[in-house]
Every structure is written in C-alpha cells, then in structure tokens.
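Remarks on the structure that follows.
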Amino acid sequence: MSSQPAEFTGASAPGVIIERTGEVLSFTLNNSENENEVTGAMFDAMLAELRRDAARPSARVLRIRARGKVFCTGRERAGRDAAAVRDESERLIEFKRALRVCDFVYVASSASLGFPEMKFGLAPAAIMAYLGEYALPRFAFPLVLFGDPIGPERAREIGLISHVSPAASLASEVNALIDRILRLDANAARNCKEFFQATLQNTFEQNCRLAVDALTAGGMAVLSRKK
C-alpha cells in the first residue's frame, strides 16, 4: 500500500469512514454496535463521494471494508410510508448500481454469508437484479429463496466471491492485490474494465463489432507510446 498519509474526505457520516490514500478511495463501515447496518446517512455519504470522484476522477481503486466482527447485516429500513420506502429503495439501487463494477471480493475463511430477506417476508429484489451475473440460476435461486447461510468456500465455488483468506492475512492479501492493480497502466486497466462490463449486456455480434473498435484504439495507444 502507499505510504502516503490518509486524507479524510469532505463526505462523512456517523457509521462510515471515508478516506483517500493516493489513488485508493476507502469506505470503512464503522457501525459495529449495530452489526454494521448501513443507515441512510451512510448511503448518502458514500454516494456523495462516488459522485465527487465521477466528476473529477482521481481514484483507481475503491476499497470497502468494515470494523468489528460482522461485515454488514444489511440496510436500515426507516421509511414508514410508501414515499419514504420508495426513496430508500431508489437510494439503495443507486448505490448497488454504482458498486456493480466491483471486481474482487475477498472474504475471511471464518465468515458466514447469506441473503436472509425471505425469512422476513421480503423478496431480495436488489440482490436478484445482479446476482445472475455471478452465479448460475440453479445455484443462485435457492440462496435467495431460502436464505440459508453458506460458507466462503462454497460461495467461491459458485462465483459469489473471488478469494478466501485466513482472517489474520486478509488485509495483507487485499493490500497486495491493490498494489498489483496500481502497477497496471491506468488507461489500459480502465478500458479493460469498461469493455468487460459492456460485454455482459451485449450480444456476441455486438461485442465482436465493439472489439474491432477497442483493438484499433488500444493498438494506436501502444504505438503512440513507442514513438
């Protein structure tokens, strides 16, 4: 990780620490007394920082972590009428949309994962909006239907997470991953990610046409660096 001191950003809220260290933007859930339930104020602070970076990009890595024994047990549900519940839902989906591009999920081997909403009579629509991109339907649907917890190794096998680490080495392994990302050419990494995300939504023929444009632009960029 960078030796630069952390810069605490302007966006903040009780329950979340937002800071920048070099090109790394970090969100640390700090609501451990409530099992890191994400409040509306926490959502607003993180969304404000993401919008700020979108307007003037400076971060190459977004790191999300948590303090305490529990990473997160879900979101606060404070709305008591249709308008308020809808506002909460729209904010949640906006945040999910912003984080859809998260590429790596590292989990401690001692963790337990699950989608328990159905046990409370609520279909987890926000999760189902993107879950099929990571796990095959026959694996994903039972998870959301029954809400049974699963272990990290099983979650990795079916595509929900990317890496399982002993709890003691989790942070250092994530640090090593971040260092590896930052060693990549920034423009090439950005173009690779954007194209990969686009391919998930397109047909094969559309992707082939886009690949010609991407290869041409990328090839010219390489040639320009050699001059």
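The values are calculated or read from the model by the stated rules, or taken from the named source; none is laboratory data. Because the structure is a prediction, the values reported are computed rather than measured. Here the Cβ positions follow ideal geometry from the backbone for every residue, glycine too, while neighbour counts run over all protein chains shown. Calculation scope for accessible area: heavy atoms of the full protein, side chains included, ligands and nucleic acids excluded. Shrake-Rupley method; radii C 1.70, N 1.55, O 1.52, S 1.80 Å.
Once you list every other residue whose beta carbon is under 14 Å from the beta carbon of Pro116, what net charge do they have if Lys and Arg are +1 and Asp and Glu are -1?
Values: positive: Arg75, Arg77, Lys119; negative: Glu35, Glu37, Glu117, Asp148.
Summing Lys/Arg as +1 and Asp/Glu as -1 gives -1.
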Across Arg65, Arg80, Arg190, the residue with the highest GNM fluctuation in the chain (Cα network, 10 Å cutoff) is Arg80
Under the 0.36 nm per residue contour assumption, what length would be gained going from the current alpha-carbon distance of Asn34 and Leu182 to full extension?
49.9 nm
Accessible area per residue, 1.4 Å probe, Å², for the chain: what's the number?
64
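How much length, in nm to one decimal, is gained on full extension between Lys119 and Leu136, taken as 0.36 nm per residue of separation minus their Cα-Cα distance? Mind dumping the intermediate values first?
Details: separation 17, 0.36 × 17 = 6.12 nm, distance 2.22 nm.
This chain segment gains 3.9 nm when fully extended.
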Would you tell me the accessible area of Asp87, worked out with a 1.4 angstrom probe on the heavy atoms of the protein chains, in Å² to the nearest 10?
100
What FRET efficiency, computed as 1/(1 + (r/R0)^6) with R0 = 45 Å and r the Cβ-Cβ distance, is obtained for Leu223 and Glu157, rounded to the nearest 0.05?
0.60
Compute the distance in nm between two label points, each set 7 Å from the Cα along the Cα-to-Cβ direction, one at Leu145 and one at Ser109.
3.3
Return the calculated 222 nm mean residue ellipticity for the chain, to the nearest 500 deg cm²/dmol, obtained by summing -39500 (n - 2.57) across DSSP H runs with n ≥ 4 and dividing by the residue count.
-15000 deg cm²/dmol
Electrostatic dipole magnitude of the chain [Cβ: Lys, Arg +1; Asp, Glu -1; Cα centre; debye, to 20]
620
Quick query: amide H of Ala66 versus all other amide H atoms, modeled in the peptide plane; which residues come in under 5 Å with a sequence gap of 5 or more or a different chain?
Leu29
Rounded to 0.05, the calculated FRET efficiency for the beta carbons of Val85 and Ala41 at R₀ = 25 Å is 0.90
Using alpha carbon centroids, what distance separates the range 74-102 and the range 133-194, in Å?
23
